[in-house]
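Can you read through this structure? Questions will come right after.
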Amino acid sequence: MWIAEIVATAGLITVIGCCVRWRPASTPFAVAGYVTAAYWFFPSTSLANPAVTLARSLTDTFSGIRPMDVPAFLVAQIAGAAMATAFLGWLHHEK
């Protein structure tokens, strides 16, 4: 579950970083498409955002999470953000 959340977060930040760099006008559509696909693909339903994690911990729906799992999700999201930042730094490195 935590690896899925790391990948989901890294993927979302990478999509945003690439769109902003090469196709800024497509950013909202790419993010919406990624979030929709990740919601169905990842077992964590791709929270990928600390604010969403906190909000989902306050709901009792099928996409909600237990409040006791919030810290682990936040750690996974920070790890995913760090991976995406490193990848985008490498990808956008100018020679």
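Which of rounded, prolate, oblate describes the chain, given a ≥ b ≥ c as roots of the alpha-carbon gyration tensor eigenvalues and a/c under 1.5 marking rounded, otherwise prolate only if a/b is larger than b/c?
prolate
Okay, next question. Hey, rough spin-label estimate for R21 and L91, points 7 angstrom out along Cα→Cβ, what's it come to in nanometres?
Each label point lies 7 Å from its Cα, and together they span 0.6 nm.
At what distance in nm do the modelled label points of D60 and A79 sit from each other, each positioned 7 Å from its Cα along Cα→Cβ?
Distance between the two pseudo-spin positions: 3.2 nm.
For region 1-53, rounded, prolate or oblate, judged on the Cα gyration tensor with a ≥ b ≥ c (square roots of eigenvalues), a/c < 1.5 rounded, else prolate if a/b > b/c?
prolate
I'd like the orientation of helix 70-91 relative to the chain: the angle between its Cα long axis and the longest Cα principal axis, in ° from 0 to 90, rounded to 10.
10 degrees
Every number here is computed from the coordinates shown, using simple stated rules; none is lab data. If you're wondering where the values come from, they're calculated on a predicted model, not measured in any experiment. With ideal geometry, Cβ positions are generated from the backbone for all residues, glycine too; neighbour counts draw on all protein chains shown.
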